[in-house]
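Worksheet for the structure shown next.
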Amino acid sequence: MQVTLLGTSSAEGWPGLFCRCAACYKARALGGKNLRTRSSALIDNTLKIDFPPDTHHHILRFGLDLRCMSALLFTHAHDDHFSPAELQYMDPYFVPVPISEILPVYGPPGVIERLGAALDLSRLPLSLHALTPWKTVSIGEYRVTPVLAQHDPSQVCFNYILQNAEGVTLLYASDTGWYEEATWRFLETFTFDGIVAECSKGPIEGGYMAHLCIPEVIRMRQRLLAAGCFAPDGRMVTTHFSHLGGLMHDELEAALAPHGIETGYDGLSFPVERGRKRAAVPAPHTRASHQTV
């Protein structure tokens, strides 16, 4: 299973859209991995998680062809993950050769309801599917299990367990705070080969409880290791960082690496395999590396 992090920031981006804080000034000056766009991921260049407002930037930067998508998963309906208006550009008016393949879209019931209200589905090659927490469904070659995120009490928010045909199992955990005990017990019935975990608050503990901080991400890894459902050499990579945490990429690496946790950045692409660990490879930069449908 190949995981590509297209964006790794929280809602406002990093540097923040209107921010002049020290962390944003420093990120602008340093550039590189310190420049972060709104969070999204691509699994095996075919299964996309979230559709943020920076999606067009991701297409340009990484040479993506979104026709490679076999399915689109939404985690929740916050604006930094959910830009339904962008999907209107699948309309035949904007695509001279109409798209014949139907793109299935999955997510919490509230997301699916909002998509149905926002889009003219009679003109778009989309099919909408509401998911139920804890219930595994087959999406192409993947088995997908939504789990309840500890995020926004006003709506249902999902994290996802993804399993491919070879049994490789990934936990995608963004956006969430510390899980409720029932969720931990459910997760402990799986064996994870890889984890993508948010780290929005950086070193800041307490405060806004709908996101994780560095100490909690470390505790997450330790808890899953202790339960025997995550291998010591399993890949754990962080995403969804806020500039309010203040730490630059190298500082985040210094805090996380001693605990066996990698610091994600825009464009990081890495394999997740059963019982094995390989070096990260750059994200694809040419269309030739993506299959079009």
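Each reported figure results from applying straightforward, stated rules to the coordinates on display, with no laboratory input. Remember, predicted model here, so these are calculated numbers, not experimental data. For neighbour counting, all protein chains shown are included, and Cβ atoms are generated from backbone atoms with ideal geometry for every residue, glycine included.
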Can you tell me the dipole magnitude for segment 68-206 around its Cα centre, using point charges on the Cβ only (Lys, Arg +1; Asp, Glu -1), in Debye to the nearest 20? 300 debye
What's the magnitude of the charge dipole for the chain around its Cα centre, counting Lys and Arg as +1 and Asp and Glu as -1 at the beta-carbon? Answer in Debye, nearest 20. 420 debye
Order these peptides, 170-182, 122-134, by their mean beta-carbon neighbour count within 10 angstrom, highest first. 170-182, 122-134
To check you understand DSSP bridge types, tell me what percent of the beta bridges within segment 1-120 (both residues inside) are antiparallel, rounded to 5. 55 percent
With just the Cα atoms defining each centre, how far is segment 219-255 from segment 156-181? Give it in Å. 15 Å
Suppose we keep just the DSSP beta bridges with both residues in segment 2-289; what percent of those would be antiparallel, to 5? 50 percent
